[in-house]
Ligand SMILES: [Zn+2]
């Protein structure tokens, strides 16, 4: 029996710490921050045997990768997964109901009861898991710079919903209507307001929604008091439905169409007393103790033979720990009894190993953590040295600012004795190397083609304050780095995964301090491309291109799920002198932004400054690859200090808003009126291009509607004449966007769609069309079936639109690098066409240059596209 704990991802610019505990028969994942799915792909670890997911907190830091991972599990044929976490877990999963659902996946959520006791929160043949609640203490918070937030939040008349949804406040005092009806009956009524539900009835509502999302789910055997009224029985739990594998091209979840009306209503409001503060740093966390099995020592057959214990059932009795008696010759021909004890021929076994995962986001959490491990506390047993029941091997420390250097925390670490390995994730104390090294290595090569267009992502190889410089840490303390793995049985010192190290071509290249040596064939294609560019770069016509300095940064250019070189959808537009506009925000968008702008506080162009200047986010539709990154982005924006009063306008449809409002009940995203760093929601319909009222800023009778006024404010913030939406045709409600700037340039964005004439009309004469091109031209049928466009169709839309240039994006993971046959011939008068690449910076005035680079880029990729990682995901498509 082998088991180990390994770091799938760590605290970095684009990931949060996730730990995998692996046995031969199953794996267990601890925390699912953003980019967990992509981390699996990069590390080439497989998720296939994942049986349980454990969350230390319900927050964008710890759980915002959950929807993406669950859908990936389902599409890859994984059939059952149990998710354990603190209060709020059911609300979190239910909040994803408009876009996360799969018929073939059994998701069993289990909220850990608030009262800790000695009962395990999970147990199977491999592990027994215990949980400890860690609650922040308000007094500590005041020393921690969080005091104002905490006190203010305490006075909040939460729940945090926009003011115009004021009925929620009434709901807190109004008794629930129709208490006699069952949850199922209430769910069928379109006029029922679920926000009136409280306590166990509210939980039952959420649980019912989770079952609708994942119909394969058996009745959840919840330990959060259970739903006493459940009529269903837990049956067939051991049923092996791993054979149920959806076709990758089948649209998911046909059952979802018949969902009851209640599903479209808002969720019950989370009970603040159980889910904790809306500030993710100030909410309670769970610490986990994962105890492995006791491993018996080896049976020494030679010794047994010598003692006279022959092959047979007695050996099994002995192996079970009992003393046996055999008859042996006393040397004189007489048979005498001989007692054989297990220790006579069985080597000493090993105690169950224990792995601890401690999540301490602030100094305010330390007293509660220490109390849990103190004498009489539920976890005191893990502090005892020389325990006869178990032995602590590895402790993963997730430390917020200041925690690691706190004297109480350091002496706590030292209490575990000298043999324990401490793996620490603490922002100041560990380096921030690139996580997705395959993509970064490709970028490093393309950097030699054009360093402005292909900048190298931001990273640091040394910590701000390395662990060695922290006085008083135990000897076995080291940085928690991705790929670090510790075998618990057999026992081995933590070591970096050799395969991961070999796969990383990026860091050896940047460490060497010399440029990557590229093959001559690539260098010469780079030179040819640059020569072509040279031939027109001084063309005076280039200077006349309107909006030539407007920068388009394609942060994520893949579709459905991340692939080796492409993250999911997000395109950032920078309008000089005004600010930023973000088109879609798939999972990991925050990470892409941090890698682009960096967190260096001394830089005036760091990611925080970018967030301040982010004026508008447009979300085309509710598919996960376009909006899952929103909560993290908005939660990080809440941290702007000092806060900005300038609003961020969020243009999206009502399903996206509903998701955010439900989520905002758990963790504040700035949606409430009057909040710091406020977010203003504008429904896509209000800005529809065929409605004229908003575009002029006032309606005919001269009085400006709220939408018209807001549209005017939004346009003013970016210097736009108009910002309009166009309904396109996709498998769900989806919109494109047209922005027209006062400086006479315009950008049209397609969202996900088949080719549509409406977009052509609305975007006529666009300076730049950004169009999805999910499939290559030979997959036209498949593109149609999935309501996407092919490369050729997208180019055609640009021609019909009379666009100056067309940038293609949103490529299927079928094309890990770029769709083939992309060597387009530019005919004067036709739109200039180029493909988008993650992290590329393309000015509108540089589109011709980008077009000229295409053959060189394709050449670069032909030598990188060397393995099966992309093929593995190409079978899955969730858009
Ligand atoms: Zn889509």
Provide a single number: the residues in the stretch 566-596 that are crowded, with 20+ Cβ neighbours inside 10 Å and out of contact with any strand residue (DSSP E or B) (no Cβ under 8 Å at 6 or more places or on another chain). 5
Hits in the stretch 729-763 (condition: more than 16 Å from residue 572 (Cα to Cα) and in contact with a helix residue (DSSP H, G or I) (Cβ under 6 Å, 6 or more places away or on another chain)): 735, 755, 760, 763
Residue ranges of helices (runs of 4 or more DSSP H) in the stretch 92-211 with at least 3 members at pLDDT 60 or above: 183-187
Can you tell me which residue within the stretch 764-783, out of those that are within 24 Å of residue 586 (Cα to Cα) and at pLDDT 95 or above, is farthest from the ligand (Cβ to nearest atom)? 768
Working only within the stretch 316-329, note down all residues that are modelled with pLDDT under 85 and farther than 17 Å from residue 305 by Cβ. 320, 321
Report yes if some residue within the stretch 645-655 is buried (at least 24 other Cβ atoms within 10 Å of the Cβ), under 27 Å from residue 750 (Cα atoms), modelled with pLDDT under 95 and within 16 Å of the ligand (Cβ to nearest atom); otherwise report no. no
Out of the stretch 620-637, which residues are more than 16 Å from the ligand (Cβ to nearest atom) and either within 16 Å of the chain's Cα centre (by Cα) or over 28 Å from residue 461 (Cα atoms) (or both)? 631, 632, 633, 634, 635, 636
Name every residue in the stretch 713-729 that is surrounded by fewer than 24 Cβ atoms within 10 Å (Cβ to Cβ) and within 16 Å of the ligand (Cβ to nearest atom), in order of residue number. 727, 729
Show me the strands (runs of 3 or more DSSP E) entirely contained within the stretch 323-428 in which 2 or more residues are within 34 Å of the chain's Cα centre (by Cα) and surrounded by 13 or more Cβ atoms within 10 Å (Cβ to Cβ). 353-360, 391-399, 421-426
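Residues are listed down the side, and each one gets a yes or a no for (1) at pLDDT 95 or above; (2) within 16 Å of the ligand (Cβ to nearest atom); (3) touching a strand residue (DSSP E or B) at 6+ places or on another chain (Cβ under 6 Å); (4) within 18 Å of residue 807 (Cβ to Cβ):
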| residue | (1), (2), (3), (4) |
| --- | --- |
| 520 | no, no, no, no |
| 533 | no, no, no, yes |
| 537 | no, no, no, no |
| 543 | no, no, no, no |
| 546 | no, no, no, yes |
| 550 | yes, no, yes, yes |
| 553 | yes, no, yes, yes |
| 559 | no, yes, no, yes |
Just one listed residue, out of 757, 744, is on the phi < 0 side of the Ramachandran plot, modelled with pLDDT of 95 or more and surrounded by fewer than 20 Cβ atoms within 10 Å (Cβ to Cβ), and it is 757
Given the condition modelled with pLDDT of 90 or more and within 22 Å of residue 803 (Cβ to Cβ), answer yes or no: does some residue in the stretch 597-612 qualify? no
Matching residues in the stretch 21-38 - criterion: being under 29 Å from residue 352 (Cα atoms), buried (at least 24 other Cβ atoms within 10 Å of the Cβ) and out of contact with any helix residue (DSSP H, G or I) (no Cβ under 8 Å at 6 or more places or on another chain): 21, 28, 30
Looking at 617, 573, which is the one that is in a strand (DSSP E or B), more than 16 Å from the ligand (Cβ to nearest atom) and more than 27 Å from residue 63 (Cβ to Cβ)? 573
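Out of the stretch 46-84, which residues are at positive phi and in contact with a helix residue (DSSP H, G or I) (Cβ under 8 Å, 6 or more places away or on another chain)? Let's see the steps before the verdict.
Within the stretch 46-84, the first condition is being at positive phi, and the residues that meet it are 77.
Within the stretch 46-84, none qualify.
This table checks each residue for (1) at pLDDT 95 or above; (2) crowded, with 24+ Cβ neighbours inside 10 Å; (3) within 29 Å of residue 668 (Cβ to Cβ).
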{"site": "17", "(1), (2), (3)": "yes, yes, yes"}
{"site": "42", "(1), (2), (3)": "no, yes, no"}
{"site": "46", "(1), (2), (3)": "no, no, no"}
{"site": "68", "(1), (2), (3)": "no, yes, yes"}
{"site": "71", "(1), (2), (3)": "no, yes, yes"}
{"site": "74", "(1), (2), (3)": "no, yes, no"}
{"site": "80", "(1), (2), (3)": "no, no, no"}
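Is one or more of the residues making up the stretch 591-611 within 13 Å of the ligand (Cβ to nearest atom) and in contact (Cβ under 8 Å) with a residue 40 or more places away in the chain?
No, the conditions are met nowhere in the stretch 591-611.
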Of these, 284, 268, 293, 313, which one is more than 23 Å from residue 53 (Cα to Cα) and crowded, with 16+ Cβ neighbours inside 10 Å? 268
Six or more apart or on different chains, Cβ under 9 Å: which pairs go from a residue in the stretch 736-758 that's touching a residue at least 24 places away in the same chain (Cβ under 8 Å) and closer than 13 Å to residue 844 by Cα to one that's outside any strand (DSSP E or B) and within 16 Å of the ligand (Cβ to nearest atom)? Could you list them? 748/759
Cβ contacts < 6 Å: first residue at negative phi, restricted to the stretch 283-307; second residue buried (at least 20 other Cβ atoms within 10 Å of the Cβ) and assigned to a helix (DSSP H, G or I), any location; separation 6+ or different chain. Result? 289/382; 300/345; 303/345; 304/345
Residue 532 being surrounded by fewer than 18 Cβ atoms within 10 Å (Cβ to Cβ), outside any loop (DSSP other than H, G, I, E, B) and touching a residue at least 60 places away in the same chain (Cβ under 8 Å): yes
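The values are calculated or read from the model by the stated rules, or taken from the named source; none is laboratory data. Computed from a prediction, not measured in an experiment: that's the story for all the values here. Here Cβ is always computed from backbone atoms with ideal geometry, including for glycine, and neighbour counts include all displayed protein chains.
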